[in-house]
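Input: a single structure, listed below in structure tokens.
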Amino acid sequence: MGLIERMMGLVFGSGRNVVAETAEVFRVNAEAQAGREAGLQSAALQQFGQEFRLSQRGWFDRLMDALNRIPRPAMALGTLALFIAAMVDPVWFAARMTGIALVPDPLWWLLGAIVSFYFGARYQAKGQDFRRDLAATISTVPQVVRTIGDIDALRDVTPRNDASGTLQGEEAEHVDNPALAEWRQARS
């Protein structure tokens with residue numbers, strides 16, 4: 001028993017683990033690494049907490065942050081309220097929408113600029129692109145009408161077949177096909 005005890009003492013020493021210390025040279029100690037990572041994460045969170053501490057900000061800063069959060073929910077909830085108002089009292093809603101229809105375009109542009117301040121310039125750019133695309137589409141209407149007229153005119157020229165599959169009357173005379181003429185002569 002003394003020999004085994006001395007061998008173990010030599011390998012593990014006085015309270016030390018030589019095998020574990022040797023293995024740590026080649027591989028990171030997972031428990032120690034987890035402790036270091038936890039300390040690092042705790043320090044980072046503490047630093048972020050100090051940066052965003054509300055006690056360092058004044059009442060004006062807090063008020064401005066609160067006001068900046070109002071427009072988006074107010075607009076979304078206001079739009080939903082308009083749908084509800086249209087269902088509850090259609091006459092009242094129609095009167096208000098008629099009034100909105102009388103608002104001049106420059107005022108709508110101003111409102112668009114203000115709204116784009118909150119929602120980004122994308123709103124205004126997409127609206128202008130939509131108007132430009134709409135104008136381009138409307139400008140092609142005469143060409144589309146002419147094309148449809150040309151297509152309808154082609155319907156009058158197309159030969160029609162009866163139930164037997166032979167051409168009718170004058171349409172049969174206008175066909176320029178020697179093989180068809182020979183076939184007709186052979187049949188008659």
> Of VAL144, VAL115, which residue is in contact with a helix residue (DSSP H, G or I) (Cβ under 7 Å, 6 or more places away or on another chain), among the hydrophobic types (A, V, I, L, M, F, W, C), surrounded by 10 or more Cβ atoms within 10 Å (Cβ to Cβ) and at pLDDT 75 or above?
Replying inline: VAL115
>> When the residues of the stretch 147-173 are narrowed to those that are modelled with pLDDT under 80 and surrounded by 10 or more Cβ atoms within 10 Å (Cβ to Cβ), which ends up nearest to GLY112 (Cα to Cα)?
In response: PRO159
> Could you say which residue among ALA85, ALA101, ALA76 is farther than 27 Å from GLN128 by Cα and in the same structural domain as GLN128 (by TED's automatic domain parsing)?
Replying inline: ALA85
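The values are calculated or read from the model by the stated rules, or taken from the named source; none is laboratory data. All values derive from a computational prediction rather than experimental measurement. Please note: Cβ atoms are built from the backbone with ideal geometry, for glycine as well, and neighbour counts cover all protein chains shown.
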